[in-house]
Amino acid sequence: MKTERIHVHVPFALLWEHLDFILERKINPEIAFSSDSQDSLDRVKLAEIAFLFNENGIATTIHAPFMDLNPGALDRLVREATRRRFHQVMEMAEIFRPSVVVFHPGYDRWRFGGSRDRWLRHAVDTFRPIVERAGNLGCIAAVENIFEEDPSTLRDLLGHLDSPSFRHCFDVGHWNLFSRIGMEEWFRELGSFIAEAHIHDNSGTADDHLPIGEADIDFPLFFRLMARYAPEAAWTIEAHSRSAVERALRNLEPYVLERQSGDSHS
């Protein structure tokens, strides 16, 4: 198994606190930057962490800030703030050299339904230089489904830029909350674009971020679809406490072993 493809969500603010645990367990973090953390970064400390990870064979992905941001915002000032934050996180990518940087697309039909084309045009303009930077770094910029009820806006965004450095992060928990179409149909539309999956469970009523197998999502189907459409994608556990991470890793193990078996026969 290529263990660098298994990641765990870690907010940057908690990275130092859990550094010993990360190094001891050889956990590959998805480092989540908030806007606040970006405003107080110590680049020397960042370089120290990146060096430690490199020395210990630990791979990274990065999650860009998203609160209050929108790459396709109709308000020019919101777009400008979003673009600044996105470029700041790409500076972090230059230090950590992640395989994937995940971004929220910011679209939901209740706010933008009548202005979908304007949102899409602005989002394309926001992501174009980000995708170019990702390509230059040898990483992938990936847009995550959040409130999307179907894949159409993400498909159009990906299609307009048409780059191997611009891909999809499929969040199975968000799909369970907001999608109006089945998982198989979603994968038929976007499966070949998936570079990363966010893995957590819920019962369809709240974004609980539970370990897999503790709520209602059909994970055997999910992993079959991942194996069919995106066998090389990174898997990222999104759990919000150390105990939940431990349970998630334990519950994920049968699927990791199955993936390992698939790798050995490929």
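The values are calculated or read from the model by the stated rules, or taken from the named source; none is laboratory data. From a predicted model like this one, the values you see are computed outputs, not experimental measurements. Please note: Cβ atoms are built from the backbone with ideal geometry, for glycine as well, and neighbour counts cover all protein chains shown.
Surrounded by fewer than 23 Cβ atoms within 10 Å (Cβ to Cβ) and closer than 16 Å to L15 by Cβ: is that true of V44 in this structure? Judged against the criteria, V44 is a match. Do the conditions hold for I22, that is, is it modelled with pLDDT of 90 or more and either of a type in the set (G, A, S) or within 18 Å of the chain's Cα centre (by Cα) (or both)? Answer is no for this residue. Does D218 qualify as being more than 18 Å from the chain's Cα centre (by Cα) and of a type in the set (D, E)? Yes, satisfied. Looking only at the range 1-24, which residues are surrounded by 14 or more Cβ atoms within 10 Å (Cβ to Cβ) and among the charged types (D, E, K, R)? Hits for the range 1-24 are E4, R5. Do we find a residue being surrounded by 13 or more Cβ atoms within 10 Å (Cβ to Cβ), within 14 Å of H9 (Cα to Cα) and at pLDDT 95 or above anywhere in the range 211-232? Yes; the residues of the range 211-232 include at least one that is surrounded by 13 or more Cβ atoms within 10 Å (Cβ to Cβ), within 14 Å of H9 (Cα to Cα) and at pLDDT 95 or above. Among what's in the range 233-256 and is among the polar types (S, T, N, Q) and buried (at least 18 other Cβ atoms within 10 Å of the Cβ), pick the residue that is farthest from the chain's Cα centre (by Cα). Among those that are among the polar types (S, T, N, Q) and buried (at least 18 other Cβ atoms within 10 Å of the Cβ), it is N251.
When S192 is tested against (1) small (G, A, S); (2) buried (at least 23 other Cβ atoms within 10 Å of the Cβ); (3) part of a helix (DSSP H, G or I), exactly one condition is not met: (2). The residues of the range 210-225 include none that are closer than 15 Å to H168 by Cβ and free of Cβ contacts under 8 Å to residues at least 40 places away in the same chain.
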